[in-house]
Each structure stands twice: as structure tokens, then as C-alpha cells.
1. In the list 513, 491, which residue meets the criterion of being touching a helix residue (DSSP H, G or I) at 6+ places or on another chain (Cβ under 6 Å) and under 16 Å from residue 435 (Cβ atoms)?
2. Checking the condition crowded, with 17+ Cβ neighbours inside 10 Å and outside the structural domain of residue 156 (by TED's automatic domain parsing), which residue from 471, 458 passes?
3. Which residue is surrounded by the most Cβ atoms within 10 Å (Cβ to Cβ), if the candidates are limited to region 63-93 and must be at pLDDT below 75 and either of a type in the set (D, E, K, R) or outside any helix (DSSP H, G or I) (or both)?
4. Any residue in region 501-513 that is assigned by TED's automatic domain parsing to the domain that holds residue 533 sitting within a Cβ distance under 9 Å of a residue that is basic (Lys, Arg)? List the pairs, counting only those 6 or more apart or interchain.
5. Looking at 149, 102, which is the one that is buried (at least 18 other Cβ atoms within 10 Å of the Cβ) and either more than 21 Å from residue 290 (Cα to Cα) or in contact with a Gly (Cβ under 9 Å, 6 or more places away or on another chain) (or both)?
6. Taking the conditions exactly as written (buried (at least 16 other Cβ atoms within 10 Å of the Cβ), modelled with pLDDT of 75 or more and either over 17 Å from the mean Cα position of the chain (by Cα) or under 16 Å from residue 355 (Cα atoms) (or both)), does residue 163 satisfy them or not?
7. Scan region 477-499 residue by residue and report those that are surrounded by fewer than 19 Cβ atoms within 10 Å (Cβ to Cβ) and assigned to a helix (DSSP H, G or I).
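The values are calculated or read from the model by the stated rules, or taken from the named source; none is laboratory data. Computed from a prediction, not measured in an experiment: that's the story for all the values here. Glycine gets a Cβ as well: all are built from the backbone with ideal geometry, and neighbour counts include every protein chain shown.
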Amino acid sequence: MAVSIDLHAYQEPILFLATAAIVVPVFHRLRISPVLGFLGAGALLGPYGLGRLVPNHPWVDWLTFTNPEGTSHLAEFGVVFLLFTIGIELSWQRLRTLRRLVFGFGTLQVFLCALAIGILALNLIGSITGAAIVGLGLALSSTAIVIPVLAEQRRLNTAAGRASFSALLFQDLAVAPILFTIAVFDTGQPEVTMSSFSWALFQAALALAVIVGLGRVVLRPFFQLVSATKSPELFMAACLLVVMVTSLIAAVSGLSMALGAFIAGILLSETEYKRAVDVTIQPFKGLLLGVFFVSVGMSLDLFRFLEAPLAILGLATLVIVVKGVIIFALARPFGLSAADSAETSLLLGPGGEFALVILGSAMVAGLVPIGIGQMLLLVTTLTMVAIPLLARLGLRLSRRISERRPLDAVAAVPPPSDEVGRVIIAGYGRVGQLIAEMLERHKVPFLAVDMDPARVAAERKAGKPVYYGDASYPEFLRACGIDRALALVVTLDTRTSVEAVVGAARQERSDITIVARARDAKHAAQLYELGVDDAVPETIEASLQLSEAVLADIGVPMGLVIASIHERRDEFRTILKASNRIRDASRIEFRARRTVGKPSTATPTLNEQAAQGEL
């Protein structure tokens, strides 16, 4: 007897998979972000697109997404998995280093943008409360689109990427208080008292304490038990369980699901299972983010846009311009250059996915009129659609601003790329100059790059092979001949600039020798994780030099002093590399377990995988 099957139950999953199978390869070939493809597919196949034809042509129902609410619940996990993977790439230490941008730049960005947009919206909304909610909603930006776009451009480690990420992280933290504020003013809900307000804050704090406390105690032993089974399926299930449980704990307490997953990712970043978990989660993150973008596109009512296209486009442009101007002016005091400030303002100027949630909740609570709220939803969605294009514009504008700096004719000479076997020095300050002097003594050719045009002009007039440029750009490194260089020495004096150059160099060439200057031991350990061959911490080297001087001055034989200093330096280098080796060993072990049971002829050895860059 044949079992009856409800084909409609499988219609939307099949339609989404078919959409992904078409959008991803087509847009990849066109070199356009698939984000635009998913957004366009959602608008076309959603209830405001082909869905309008269903009453007169029922067969069209098979080609449309007819359950926006169900899709949105699944799509929310796209943002959850995105924040989880971001957390894995961070650590408590790196988060502390970003605290000035997160709680300084992020706080001011949300407050000032909300204030400006709220004032502009006051006449449209008619109430101070509604205008404030609209201002707060539109002040937020899109984590789900900005982060993947920056990752695709490999610019997360740039100054603009770090500032954007820091502001987005604070915005995610601010979502829960904003939604709670809407509930306070919701006339259809029971009155919120001081006791209920205190209870809500206690719940949120308790949830964070539970996630952090249990995470530190449970996660490492839990994954040790799971990995001992040597079952990749069980390991995958454990990863999904951690994401789901932490996000749901946060949601039940009134926080955002994404925030709970983000904290879980940070906790896992401190364990030896960091890389294995990241590799396991990536496919789920990609698919669920695709669902998220489709759901955003489904809320795009093109017919409402056609009713007043100029007004809606004008409002969308106004939101981007107002936020962009404020963010540009705000980024400068936080140490960003004009080029990086311009790029950051274009990335954060559009609205975000949480604005859709906040505006929807405000309409339900009666704080924003339905008609105006629907129009603002469309405005927000249009600004989100423009993010990939604005990101490209921001990158080009950033480079153009950098190129238009007034340069001495001598400093503007482009670097040659025809010499083989030279060393590239990134940064030609006092440290870079001493390294260049030692290379000259040993007759090793070198090429130095620096961002100070006056210094470059002076050194070139003195006959030194110094050139103006930013070594964090892969294109510039290619112009310097990194494909044939013997080594790269990074002597820049800020953490972010050193890490950006190392990341760009490793992107261009995996086998080049990289020696980098580090601020301290912790920074050196981070640089080893990024792939440098040697990191030289300033604090350790200064201590070793002082030790050498005092030992020699008190009469210890110089030979013994030099030998002991070299021995101690090697000990420090071994210690700093140890944490990175532990993580690499864990990742190799996990990959090796996944190959158990496969034919040896089809499975490369671990050494072969390492040589191919797969581990």
C-alpha cells in the first residue's frame, strides 16, 4: 500500500536548495556577492513577488515561498551561526583589546545616529517615543551582511574591518535593551514595574553567568569525550548542540540568540578544538545565512516601492547619508584615517536585520503607525540590499583617498618587481633602518615600504630602496615582487597594522618566511597563530639585552653570556609557539580521525595534507 506524501511539506526546502544551486555558481562566476542573489530571489519568489499571482494561478504556489514566518525562524539561526563563528575567531584577550572601539566607538555611534534619525523622524511619527524607537532601530547596521562581505574581501583585519566589527558587536549587545524598552511602552501588555524591570535584568545577567561559567567548566571535557569516540557525526552533533543550547538560553533570558552563540564561540576559541569546530560549523552557517538573506528579500514589497519610488529612495539615501556622516566624523577621534573612516561609514550607514525586528515589534506595540512602519521596513531592506555595492564603493574610495595624499615626486616612485631574491621590509622607522643596515652589511638586497611620504622621500634622496605604499594590500605586495622575495620583515609599531600585513602576505604566498615585530609575548603568540615564522617581542628582547649588559659588566665571560642569552631566547620562542602547535595538532588529529576507514589510495597522508595547505 502506497504511503501518501504531502509534497507541500517539502516544497520550500526544495525551492531554497534549487535557488542556492542557481544563485551561488552564477553570481560566483559573475564575481558578484551571492548576497544580492539571495535577496533578489527572496523578493522575486516571496509573497510580494510571484506570490501575488497565486490566487489567479494556483500552480505558481509551487514556485513561491509562502510561509514567511516559518522561514524567518529558521533564518534567525543564520545570524546565530555567523556570530558563533566570529566568536571562535576571537578570544577574551582580543576582545579586551577591542573594548575601546566596542564600548567607545560603538556606544557613541548608536547614540548619535539614533538621536539624529529620531529628530528627523519626529514629524513623521508624531510621538517622541515612536521617533526614539525608529531612531534606535535605524541606527543599527547589518551584521549578517557586512561581516560576510568583509570576509569575502579579506578585510576583517584592516582598521575599517575592526572598527565595523566592533560597532556591530555593540549593536548586537544593544538589541535586547531596545526590545525590552518597546515592551515597557507597549500599552497592550501588563504594566512594567521596577520589580519586573529588575527581574528582567537579573535574568539577563544570570543567563550570561550560566553561559560563561558552564562553558568554562563543561566545554573542554565535553569535547574531549566526544572526540574520544572518533566519530565525526557525533562531533558535528555536539557542535550543533552547543550552538543551539547557548543561543536558546540567551533568548529565554531576554537577550538575543546571536549574543549567546557569540559568547559560546569565544569560550571555544580558548580550547584546542577551536579549528575543528569552525570547520564543522561552516557549511551550516553558509546555508542558514542564505535562508536569512532570502527571508529579508521576501519582506521587500516592490509594489509598495512603485507607489512612491522617489520618497522611499530618498528616505533610504537620507538614512545612509546621515549615519555615514556621523560615523565618518566619529571614527576620526578613534584613530582611523580618512580612508578607513570613509570605508567604515559606507559599511555601517545602511540599516540592519535587527532594525526589521525592532520596527516590527514597535508596530505590534502600537508605537509606530502600520503604514509608516511598512514603509520604513522597505527603506531598511533597500539599504541592506545596497551594502555589497557600498562595500565595493568604500574600498575604492578608501584607496583613492590614500592615493590622493600629497606625495613628493621622489616618494611617488612605484616599487620595482624585477629583482629576484630580496627581502621586503614593511616599515622603515628606526627598527626597519637597522635591519636594512644589517642586510647591506651581508650584501642581501632588500626593498623597504613605508606610509610616511616625508620619510620615503628623504630616504630615496639618500639612495635607499624605499617606496611609499601600504603593505596590507595584496596588490601592493604583488607589485613589490612578493612572489619571488626571500623573506618579509614587518617592523610596524601597531598591533593591527602588523597583523594586517601578515594576513595579506600569507594570503599571497604561504611559503614565504615572515619575521614580525611584536609588542609583547601575548602579541607574539597571536602572530605565530597568524602564521609568522618568527615573532620578536619588544619586552622580551629588551630584557635579554639588559641581562646581557649586566652579566658582562659584572665580569661573567662574554662567551657564556652570549650562549645563555641565545638559549633563553630559544626557550621563549618555544613557549610562544607551544599554544599554536597544540591547536594545530588538535586540528590534524581531528582531520585524521575523519579519514579513518577510507581507502589509503584515496586519502593523502597527514604530511601530504599539510604540504597542500589543507590542515
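1. Going through 513, 491 in turn, just one is touching a helix residue (DSSP H, G or I) at 6+ places or on another chain (Cβ under 6 Å) and under 16 Å from residue 435 (Cβ atoms): 491.
2. Numbers: 458 fails: crowded, with 17+ Cβ neighbours inside 10 Å.
Result of the check over 471, 458: 471.
3. Out of the qualifying residues, it is 76.
4. Matching pairs, first to second residue: 503/154; 504/154; 507/154; 508/478; 512/506.
5. None of the other options fit; the residue is 102.
6. In short, no.
7. 478, 479, 495, 496
Matching residues to (1) assigned to a helix (DSSP H, G or I); (2) polar (S, T, N, Q):
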{"position": "472", "(1), (2)": "no, yes"}
{"position": "501", "(1), (2)": "yes, no"}
{"position": "505", "(1), (2)": "yes, no"}
{"position": "510", "(1), (2)": "no, yes"}
{"position": "516", "(1), (2)": "no, no"}
{"position": "523", "(1), (2)": "yes, no"}
{"position": "543", "(1), (2)": "yes, yes"}
{"position": "548", "(1), (2)": "yes, no"}
